[in-house]
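The values are calculated or read from the model by the stated rules, or taken from the named source; none is laboratory data. Small disclaimer: the values here were computed from a predicted structure and weren't measured. Glycine also receives a Cβ, built like all others from the backbone with ideal geometry; neighbour counts cover every protein chain displayed.
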Amino acid sequence: MYAILDIETTGGKYDEEGITEIAIYRHDGETVIDQFSSLVNPQIEIQPFVQKLTGITTKMLQNAPKFYEIAKRVVQITEGCVIVAHNASFDYRILQTEFRRLGFSFERKSLCTVSLSKILLPDQPAYSLGKLIRNLGIPFSDQHRAQGDAKVTVKLFELLLEKDLQKNILKAQISSEHPNKVAPKFLEVIDQLPSEMGVYYLYNSKNEIIYIGKSKNIKKRILNHLTAKSKKSIVIQKEIHSVTFALVGDELISLLKEQNEIKSNAPKLNSAMKFRTYPMGIRLDTTDNYPNLIIDHVKKEQQYLSVFKNAKNAKLTLINWSERFELCLQKTSLSGSTSGPCFNYGIHLCKGACIEEESPKVYKEKIEALKESLLYPYQDFLIISKGRKMGESSFILIKENIFWGYGYFELNHQIKDTKQILSRLIPMEDNPDVQKLIRSFLTRKKYKKLIPLNAI
């Protein structure tokens, strides 16, 4: 027995959506034997783009039943059925969420017609419901409305049943343990999490931090940890006892805070980021008359012009620098040769440092120009960006070309002098990884504005 359904929602943040319309067809494998459809008053705002897509407005739902008023009918018509939907993970999750809000669990097996179509209809150019139905020549009206979408899903499912003569493929695709199913012991934890940007901390029963992460949507990310089947996720699911979080508002601050917290706490499941986010670097060797640019593994005692995730990225950057500043390849890690003219000399990019045609003084001036190009736009300045709430902004303090930390303010006068800034500062250590992150955000202009401290 199957319950073929479609749900329209309000849109909005993950796991905070509400149902606006639902249609369910009970199917015995041959024909529809029962059906139910209704508009639903979600008691929350419908996102504008959803209103445009579905045509369902808040005014239309004013007198519609609330979900608790139709919940019993939903249970009855789906009892003993496999839930069938196009992208079943979405519809099933929404139903589970609505029942959870009422204090009940909703458990059914499920079957996704997207997955089934990819197996039984392998030559189709696309598998979205609209495109698939049109390509199959199935009449389709009321698209993006629950009843219309559910009706064509019935037609699609009947075709798939015919294609799967032995029903072996269908049986294999039925999920008794839905991929988005969360263990009951975690539901209360999930409900208390925000759908906002921040850094989160996972603890075991001994109150030890086992994992630190960041996300634009903390609730969605934790849900992923608790439902995914990766090796790390399975370990998290076994060990997690509680979750705490810190809202940050700004993406750069979340990256900086995550990195700092991982290095300070060294959680056992963050092994990949315990020591270096960017393990390769380019450093300057000045022991020769002509300075050399060396690609090397980052060491704490060394200074680096820039750091990278891998040697390939470091090499590409070094090639760019050599072309931009007309540098000699022999004076970099890019050349294995130490005598005779370099390749760049032959194409007139190198001015002859390799054969001492260019003086050490002139070459050093080029290196200084390269170093200056990598500096921050100001020696002392604030990076202003989003805050954690309305009316609040964040700042990142760079002083003497060093990252000092971050903070928040609500009124402009709170950052009008250094004392005010320092009083609000959450200090952090500077390091090559931090410098890389900040430069990247400055290059992409992912901030509201920069304020030179000499302008305050």
(message) Here's a check for you: in the stretch 2-37, which residue that is at positive phi and of a type outside the set (D, E, K, R) is modelled with the highest pLDDT?
(response) Gly11
(message) Can you go through Ile46, Ile83, Ile94, Ile56 and tell me which one is among the hydrophobic types (A, V, I, L, M, F, W, C), assigned to a helix (DSSP H, G or I) and surrounded by 15 or more Cβ atoms within 10 Å (Cβ to Cβ)?
(response) Ile94
(message) List pairs: first residue in the stretch 411-423 and farther than 15 Å from Ser394 by Cβ, second residue among the polar types (S, T, N, Q) anywhere in the structure, Cβ distance under 6 angstrom, at least six positions apart or on different chains.
(response) none
(message) Against the conditions (1) in contact with a strand residue (DSSP E or B) (Cβ under 9 Å, 6 or more places away or on another chain); (2) without any contact (Cβ under 8 Å) to a residue 24 or more places away in the chain; (3) over 30 Å from Ile218 (Cα atoms), where does Lys361 fall short? Just the number, please.
(response) (1)
(request) Considering each of Thr277, Thr287, Thr227, Thr244 in turn, give the residue that is in contact (Cβ under 8 Å) with a residue 60 or more places away in the chain and of a type in the set (Ser, Thr, Tyr). (result) Thr277
(request) Give the number of residues within the stretch 338-357 that are touching a helix residue (DSSP H, G or I) at 6+ places or on another chain (Cβ under 9 Å), under 19 Å from Thr287 (Cβ atoms) and free of Cβ contacts under 8 Å to residues at least 40 places away in the same chain. (result) 3
(request) Within the stretch 107-117, identify whether any single residue is closer than 18 Å to Ala146 by Cα and in contact with a Leu (Cβ under 6 Å, 6 or more places away or on another chain), and answer yes or no. (result) yes
(request) For the stretch 421-440, state whether one or more residues are modelled with pLDDT under 85 and over 25 Å from Gln302 (Cβ atoms). (result) no
(message) Kindly evaluate Ile426 against the criterion of being among the hydrophobic types (A, V, I, L, M, F, W, C) and touching a Gly at 6+ places or on another chain (Cβ under 6 Å).
(response) yes
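Is it the case that Ile295 is part of a helix (DSSP H, G or I) and either free of Cβ contacts under 8 Å to residues at least 40 places away in the same chain or crowded, with 19+ Cβ neighbours inside 10 Å (or both)?
Criteria not met by Ile295.
Being at pLDDT 85 or above, outside any helix (DSSP H, G or I) and assigned by TED's automatic domain parsing to the domain that holds Val82 is the requirement here; does Pro194 meet it?
The answer is no for Pro194.
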